[in-house]
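Enquirer: Here it is, the structure in full.
The values are calculated or read from the model by the stated rules, or taken from the named source; none is laboratory data. Computed from a predicted structure; not experimentally measured. Cβ: placed from backbone, ideal geometry, glycine included. Neighbour counts: every protein chain shown. Side chains included, ligands, DNA and RNA excluded: accessible areas come from the protein's heavy atoms. Shrake-Rupley method; radii C 1.70, N 1.55, O 1.52, S 1.80 Å.
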Amino acid sequence: MLQPASVGANDENVELHVKAAYLLHFVRYVYWPNSGSAGISSPVVFGVLGRNPMVEVLETVVSGKTVNNRPIRVRVFSSAEQIDGCDILFIPRSESKEIQGVLSATAGRPILTVSDKEKFSSEGGMIEFLLIDDTVRFTINNQSAEKAGLKLSSELLRVAYSITGRHK
């Protein structure tokens, strides 16, 4: 179950592990178009933009895990132009200068975009990590997800810190 997670003061490694765990859980609460039998044997791909400590942490967190009996792979993309074959894309705040290019490159494609960059969700990203009182929370831009053909479950929406573009 998704719950806000405390990371303790100034512990970046714990914060990365919490965010990686959230990414793993997000995939269980998102419905992709054509997620039926067509892709049942293909891996779920977690992408990370740029070389970032999140890559190693994410690889550790997803190691040996599956989602709906599908293996999980982590891929690193060095630029927006390379992003392909990805289900969830994490854009670290260190790649802030690439955000608009990434959002343009992924627009209308069923890729869940997630970042810890401030104002990411208001700029068109789908899920933005927040650190509030040493607790990792997240805000959702549901309108961006819907435009990409993704449906976020009510369970995910219920635990979000805030939601913009809530489906009526």
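Enquirer: Pick from segment 131-158 the residues that are among the β-branched types (Val, Ile, Thr) and buried (at least 17 other Cβ atoms within 10 Å of the Cβ): which of them is farthest from residue 113 (Cα to Cα)?
Expert: Of segment 131-158, the ones among the β-branched types (Val, Ile, Thr) are 132, 135-136, 139-140.
Those left that are additionally buried (at least 17 other Cβ atoms within 10 Å of the Cβ): 136, 139-140.
On the way: 136: 17, 139: 12, 140: 10 Å.
Taking the candidates together, the pick is 136.
Enquirer: I need the full set of residues from segment 111-125 which are open to solvent by 10 Å² or more (accessible area, probe 1.4 Å) and free of Cβ contacts under 8 Å to residues at least 40 places away in the same chain, in order please.
Expert: 117, 118, 119, 123, 124
Enquirer: For a quick check of your reading of the model, give me the residue pairs whose first member lies in segment 146-162 and is under 13 Å from residue 25 (Cα atoms), whose second is part of a loop (DSSP other than H, G, I, E, B) and open to solvent by less than 50 Å² (accessible area, probe 1.4 Å), with beta-carbon atoms closer than 6 Å and at least 6 apart or on different chains.
Expert: The qualifying pairs are 159/2.
Enquirer: Taking the condition of being assigned to a helix (DSSP H, G or I) and at pLDDT below 90, how many residues in segment 16-57 meet it?
Expert: Counting residues in segment 16-57 that are assigned to a helix (DSSP H, G or I) and at pLDDT below 90 gives 3.
Enquirer: While we're looking at this one, here's another question. Exactly one condition in (1) more than 24 Å from residue 94 (Cα to Cα); (2) assigned to a loop (DSSP other than H, G, I, E, B) is not met by residue 156; state its number.
Expert: With (1) more than 24 Å from residue 94 (Cα to Cα); (2) assigned to a loop (DSSP other than H, G, I, E, B) applied to residue 156, the lone miss is (2).
Enquirer: Just wondering, is there one or more residues in segment 35-49 that are under 21 Å from residue 139 (Cβ atoms), surrounded by 15 or more Cβ atoms within 10 Å (Cβ to Cβ) and not hydrophobic (A, V, I, L, M, F, W, C)?
Expert: yes
Enquirer: To continue, here is another question. Report the residue count in segment 77-89 for those that are buried (at least 16 other Cβ atoms within 10 Å of the Cβ) and touching a Lys or Arg at 6+ places or on another chain (Cβ under 8 Å).
Expert: The qualifying residues number 1.
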